[in-house]
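Colleague: Attaching a single structure in structure tokens format; questions to follow.
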Amino acid sequence: MVKVLEDVGLSFDDVLLLPRKSSIVSRREIDTKTEFTQRITINIPIVSAAMDTVTEATMAITMAREGGIGVIHRFIPPEKQAEEVAKVKRADNVIIEKPSTIHPDRTVAEARELMKNLGISGLLVVDSENRLLGILTRRDILFEDNSTRVSDCMTPRRDMIVAESSISLEEARSIFKKHKIEKLPIVDKDNKVKGLITCVDLLKREAYPNASRDSKGRLMVAAAIGVKEKEIDRAKLLIEAEADAIVIDVAHGHSSMCIETIKKLRRIYGDELQIVAGNVATAEGVEDLASVGANAVKVGVGPGSVCTTRIVAGVGMPQLSAILECAEAAEKMDVPIIADGGIRESGDIVKALAAGASTVMIGRLLAGTDESPGAVIVKNGKRYKIYRGMASIYAMLGREFRSREDIAEALIDSPEYSYYAEGVEAYIPYTGSASEMIKKLISGLRSGMSYLGARTIKELKQNAKFVRVTLAGIKESMPHDVEVI
Ligand code: XMP
């Protein structure tokens with residue numbers, strides 16, 4: 001692989017990828033599968049940013065359904081963040097582990113109330129030992145009086161089709177098809193309820209064949225923590241909510257606090273826990289985080305669209321050079337890197353992956369969509385959403401669960417200093433659905449891969465040859481000498 005790495009720092013606009021001989025005839029031959037961490041593979045290389053104007057449950061659900069993954073931000077109380085994780089885990093859950101039940105002596109009125117409150121269309125009828133006695137669906141009670149007992153209108157166990165927990169989803173599908181039923185309870189040898197599969201959930205799953213799923217078929221989600229002592233308690237709640245990865249999310253990841261946090265998590269949770277850590281911008285940063293147990297390292301100091309770190313602190317590394325340098329170290333350490341920040345178009349994704357990243361983290365391009373938190377604002381007849389850097393002053397002050405002392409401490413660990421924000425708040429154009437945005441970006445990625453004759457992301461890295469461009473080259477790359485309609 002030929003990589004440009006000189007003593008000048010290069011960013012995405014400074015280079016172009018050379019076209020290579022390609023035998024690809026259809027973009028369908030192209031596989032965008034990649035590693036998010038050492039043990040988590042996802043189908044598209046896109047991760048949504050851990051920012052309060054980008055990723056909560058709604059965005060994370062869309063990301064996972066499309067084949068990527070979202071990182072739930074940490075700028076809310078830990079319980080609320082864990083609830084956001086749980087919402088993603090519940091979203092397309094094919095096997096409901098604890099289905100809602102009712103006792104046969106209850107009335108239709110109580111069943112109606114329960115179904116309404118839970119927003120579901122049926123209840124399993126069980127005795128006090130959780131043994132299956134029947135099923136009650138909305139249809140069963142359409143014409144029943146409120147006072148009728150559940151046992152008098154349910155479909156009894158003897159008329160029901162049930163399955164054992166070893167059933168595969170394909171088997172479940174053929175049962176739904178053959179018996180024209182909508183709910184398939186799972187019971188053990190003693191007829192005790194162990195779960196429920198509904199055909200609605202199964203169909204939803206089929207609607208998203210590319211989705212990122214855990215071993216139980218649930219959507220995958222990651223969640224962010226900081227590096228303060230109490231963030232270990234936050235991690236505990238997130239892990240209990242079954243987050244698939246914990247992302248240690250700090251501006252300066254190449255720090256002893258970040259290293260200590262990785263070590264602590266490893267000590268407590270062992271090898272299984274997938275830990276992402278960052279941000280760094282040097283090979284040493286990658287080595288130091290990976291050597292204490294990070295399963296993926298996030299790269300990017302200051303490239304983000306709402307970052308002012310480079311202006312305020314004078315620190316950073318243009319993102320393409322940061323990726324090139326970090327990717328070399330990452331390859332040695334066998335750890336994937338996430339290129340975080342500065343992605344403005346699909347071409348930047350192609351360049352970031354070609355330079356050695358396994359995934360890219362995106363903030364701004366997703367912040368303008370329906371799925372990001374916050375309302376659409378109309379200004380001078382145009383629609384916008386608010387996007388803000390997490391180190392911007394209003395983001396810091398807006399974290400209402402913190403005291404002012406906490407804020408000062410979080411900002412620079414030294415309350416006597418005043419704070420110089422390292423991020424800005426901004427209006428960004430409203431852009432509609434995140435899923436459409438992701439499809440557009442992936443279409444661009446596939447195009448880039450086909451120009452390089454790359455069927456996989458690994459081949460994209462192998463085939464990558466960058467050429468540096470001048471200002472004249474950049475001008476030539478844009479539409480020019482025409483009035484764009
Ligand atoms: P984009 O370019 O996609 O970048 O908007 C998103 C990434 O920007 C980082 N980030 C910040 N960096 N000050 C910074 O220097 C900030 O206030 C800030 N907020 C977010 C972060 O890495 C995110 O994923």
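Colleague: Just checking, how many residues over region 227-274 are surrounded by fewer than 24 Cβ atoms within 10 Å (Cβ to Cβ) and of a type in the set (V, I, T)?
Modeller: Total satisfying the criteria: 6.
Colleague: Can you name the residue in region 221-277 that is assigned to a strand (DSSP E or B) and among the small types (G, A, S) and is also nearest to the chain's Cα centre (by Cα) among such residues?
Modeller: This residue is A222.
Colleague: Out of the residues in region 416-437 that are within 12 Å of the ligand (Cβ to nearest atom) and part of a loop (DSSP other than H, G, I, E, B), state the one that is modelled with the lowest pLDDT.
Modeller: Once the filter is applied, the top-ranked residue is Y419.
Colleague: How many residues, within region 333-351, are of a type outside the set (V, I, T), within 15 Å of G302 (Cα to Cα) and surrounded by 23 or more Cβ atoms within 10 Å (Cβ to Cβ)?
Modeller: Residues that pass the stated criteria total 4.
Colleague: For D13, all conditions in the list (1) farther than 30 Å from D145 by Cβ; (2) of a type in the set (D, E); (3) assigned to a loop (DSSP other than H, G, I, E, B) hold save one; what is the number of the exception?
Modeller: All conditions are met except number (3).
Colleague: Next question. Anything in region 50-100 that is away from the ligand (no atom under 16 Å from the Cβ) and within 15 Å of L365 (Cα to Cα)? List them, or say none.
Modeller: Residue satisfying the conditions is T62 alone.
Colleague: Still on this structure: Would you check if D52 is assigned by TED's automatic domain parsing to the domain that holds T369 and in a loop (DSSP other than H, G, I, E, B)?
Modeller: For D52, the condition - assigned by TED's automatic domain parsing to the domain that holds T369 and in a loop (DSSP other than H, G, I, E, B) - is met.
Colleague: Considering A277, A243, A251, A235, which residue is away from the ligand (no atom under 16 Å from the Cβ) and within 30 Å of I428 (Cβ to Cβ)? Even if it seems obvious, please write down each step before you answer.
Modeller: On the way: A277 fails: away from the ligand (no atom under 16 Å from the Cβ); A251 fails: away from the ligand (no atom under 16 Å from the Cβ); A235 fails: within 30 Å of I428 (Cβ to Cβ).
Result: A243 is the single residue among A277, A243, A251, A235 that is away from the ligand (no atom under 16 Å from the Cβ) and within 30 Å of I428 (Cβ to Cβ).
Colleague: Would you please name the residue that is most open to solvent (accessible area, probe 1.4 Å), looking only at residues in region 442-485 that are in a loop (DSSP other than H, G, I, E, B) and acidic (D, E)?
Modeller: E483
Colleague: Would you check if there is a residue in region 291-299 being open to solvent by 20 Å² or more (accessible area, probe 1.4 Å), away from the ligand (no atom under 16 Å from the Cβ), among the hydroxyl-bearing types (S, T, Y) and touching a residue at least 40 places away in the same chain (Cβ under 8 Å)?
Modeller: Yes, that holds for at least one residue.
Colleague: Here's another thing I want to ask about it. Of (1) surrounded by fewer than 24 Cβ atoms within 10 Å (Cβ to Cβ); (2) at pLDDT below 95; (3) assigned by TED's automatic domain parsing to the domain that holds A64, C307 satisfies all except one. Which?
Modeller: The failed condition is (1).
Colleague: Can you find even one residue in region 7-14 that is closer than 23 Å to K475 by Cα and more than 30 Å from the chain's Cα centre (by Cα)?
Modeller: Checked against the condition, which is being closer than 23 Å to K475 by Cα and more than 30 Å from the chain's Cα centre (by Cα), region 7-14 yields at least one hit.
Colleague: Inside region 146-158, can you point out the residues that are open to solvent by 100 Å² or more (accessible area, probe 1.4 Å) and over 12 Å from P104 (Cα atoms)?
Modeller: R158
Colleague: For V47, all conditions in the list (1) within 16 Å of the ligand (Cβ to nearest atom); (2) within 11 Å of the chain's Cα centre (by Cα); (3) surrounded by fewer than 20 Cβ atoms within 10 Å (Cβ to Cβ) hold save one; what is the number of the exception?
Modeller: All conditions are met except number (3).
Colleague: Return only the number of the condition from (1) of a type outside the set (K, R); (2) assigned by TED's automatic domain parsing to the domain that holds L136; (3) touching a residue at least 24 places away in the same chain (Cβ under 8 Å) that I239 does not satisfy.
Modeller: Result: I239 passes all but (2).
Colleague: Go through (1) in contact with a His (Cβ under 8 Å, 6 or more places away or on another chain); (2) more than 16 Å from the ligand (Cβ to nearest atom) for K33 and report which single condition fails.
Modeller: Against the list (1) in contact with a His (Cβ under 8 Å, 6 or more places away or on another chain); (2) more than 16 Å from the ligand (Cβ to nearest atom), K33 comes up short only on (1).
Colleague: Also, I was wondering about something else. Can you tell me which residue among S168, S215 is outside the structural domain of K87 (by TED's automatic domain parsing), polar (S, T, N, Q), surrounded by fewer than 14 Cβ atoms within 10 Å (Cβ to Cβ) and under 29 Å from the mean Cα position of the chain (by Cα)?
Modeller: S168
Colleague: Of (1) touching a Gly at 6+ places or on another chain (Cβ under 8 Å); (2) open to solvent by 10 Å² or more (accessible area, probe 1.4 Å), A330 satisfies all except one. Which?
Modeller: So A330 meets the others, but not (2).
Colleague: V200 - would you say it is outside any helix (DSSP H, G or I) and either surrounded by 16 or more Cβ atoms within 10 Å (Cβ to Cβ) or not acidic (D, E) (or both)?
Modeller: Considered against the rule, which asks whether it is outside any helix (DSSP H, G or I) and either surrounded by 16 or more Cβ atoms within 10 Å (Cβ to Cβ) or not acidic (D, E) (or both), V200 comes out as no.
Colleague: Further question on the same structure: Would you be able to tell me the number of residues in region 352-371 that are under 19 Å from A296 (Cα atoms) and either within 11 Å of the ligand (Cβ to nearest atom) or not in a loop (DSSP other than H, G, I, E, B) (or both)?
Modeller: 8
Colleague: While we're on this one: Just to check your reading of the model, which residue among G423, G473, G444, G453 is more than 32 Å from the chain's Cα centre (by Cα) and among the small types (G, A, S)?
Modeller: Exactly one of G423, G473, G444, G453 is more than 32 Å from the chain's Cα centre (by Cα) and among the small types (G, A, S), namely G473.
Colleague: If you go through region 305-321, how many residues are part of a helix (DSSP H, G or I) and within 12 Å of the ligand (Cβ to nearest atom)?
Modeller: 6
Colleague: Find all pairs meeting these conditions: Cβ atoms under 7 angstrom apart; at least six residues apart or on different chains; first residue within region 358-377 and closer than 24 Å to T37 by Cα; second residue open to solvent by 50 Å² or more (accessible area, probe 1.4 Å) and within 12 Å of the ligand (Cβ to nearest atom).
Modeller: Every condition considered, the pairs that remain are G363/S305; R364/S305.
The values are calculated or read from the model by the stated rules, or taken from the named source; none is laboratory data. No experiment lies behind these values; they were computed from the predicted model shown. Positions of Cβ are backbone-derived with ideal geometry, glycine not excepted, and every protein chain shown enters the neighbour counts. The accessibility values were calculated without ligands, DNA or RNA, using every heavy atom of the protein model including side chains. Shrake-Rupley method; radii C 1.70, N 1.55, O 1.52, S 1.80 Å.
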